[in-house]
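The numbers here are math on the coordinates, done by the rules we state, and not lab data. This is a predicted model, so every value here is computed, not measured. With ideal geometry, Cβ positions are generated from the backbone for all residues, glycine too; neighbour counts draw on all protein chains shown.
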Amino acid sequence: MKTSRRTFVARSALGVAGGITLASGRGAEPGTPTNTATRPLIVSTWPFGRAANATALKTLQSGGSLLDAVEQGIREVESSRNPSVGLSGLPNAAGVVQLDASIMFGPGHKAGSVAAIEGIRHPISAARRVMEQTPHVMLAGEGARMFALEQGLESVEIDSAARNEAWLRKRAAERAAAQHHTAGNHDTIALLVLGADGNLAGGCSTSGWAGKLPGRVGDSPIVGSGLYVDNEVGAAGATGLGENIMRYCGTFLVVELMRQGLPPQEACLEALRRMSRQDPKGTALAVSFVALDKHGRFGSASAGQAFQFAVTTTEDSRLLDSPGIGSLPVVPEGGNRNIRP
Ligand code: ASP
């Protein structure tokens, strides 16, 4: 039987909720401040975020730092043969998987990212190395790959010349057909952590939009678009059609709305309302946000795509349905790989 992502998600959510009862409801619902005893609080995108959260929590519990938790949590998804994250992800129009990732650390407002990187198993680790080992924030393309190799990060052989030749042969036909976004041909793991010490960190990683033009960079590696962490306020992560996030500095907007006093969920909703007011696509943006704040509140909102997010504390882990604006078409589960833009 063909299973839609929605039915899959519903079953997963039931499994989690059925197995674990939230401790007195503390930190359980979006917008509800967590008791400090329930920190760390980990929030991430999509059902695959549950595994990422579990690894992030385990990392913290075995003495790892906030950044270790973000990196290890995201590496979990990058390693999991996910169809839209890591080297198993969706190829571009040239048949090449080009990956985007970023990481931010609240204290010191540090950031690092890699864009359109090829053949590197863990782009999130490359992003962290950019942040920690270079004076830069973002490295792209071949330079990013060279840096990752120099740093000793795991890599696979890439034969860009052969792939490029194949691409040139197909390109004429592809030019004739306009590139259209199709729901279900992209996804991102974005993971945010509020530490027991009240500090924040976050990261994200994706193969981006299937069939994108070679060299296309999405929102994920761009600070303030796919990810934003402000240690004074909170953090936000995005998933969905990057072009609709980048034009609004989406996660920066969410964090700024939290700075003005909105709780995370209302900030996510308000950002989407504001974006959809201006956008020719209206609410059909195919954009989802997750956010948490310094007080331990969390939330999410989605426009134009059904979305679930994973929330984990030491006491509980569950998937929650994101509230949304406009209609929320179901993204087909497992349908990503073969959908062409
Ligand atoms: N935001 C990602 C991109 O456009 C893809 C996704 O999260 O669905 O590259």
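Odds and ends about this structure:
- Spin-label pair Asp321/Asp159, simplified geometry with 7 Å Cα→Cβ offset, distance in nm: 4.9 nm
- Among Thr59, Thr134, Thr188, the ranking by other beta carbons within 10 Å of each residue's beta carbon, starting with the fewest, stands as Thr134, Thr59, Thr188.
- Taking all Cα-Cα distances within the range 89-158, those exceeding 19 Å account for 27%.
- The range 265-273 - phi-based ³J(HN,Hα) in whole Hz, Karplus 6.51/-1.76/1.60, Gly and Pro as x: 5, 5, 5, 4, 5, 5, 4, 5, 4
- Applied to the range 298-315, the Karplus parametrisation 6.51 cos²θ - 1.76 cosθ + 1.60 on θ = phi - 60° returns per-residue 3J(HN,Hα) values of 9, x, 7, 7, 9, 10, x, 8, 5, 8, 10, 10, 9, 10, 9, 10, 5, 9 Hz, with x for Gly and Pro.
- The amide H of Gln98, built 1.01 Å from its N in the peptide plane, has Asn92 as neighbours under 5 Å, considering only residues 5 or more places off or on other chains.
- For Ile189, nonlocal amide neighbours, meaning residues 5 or more places apart or on other chains whose placed amide H falls under 5 Å from its own, are Ser205.
- Asp321, Asp316, Asp293 arranged by Cβ crowding within 10 Å, fewest neighbours leading: Asp321, Asp316, Asp293
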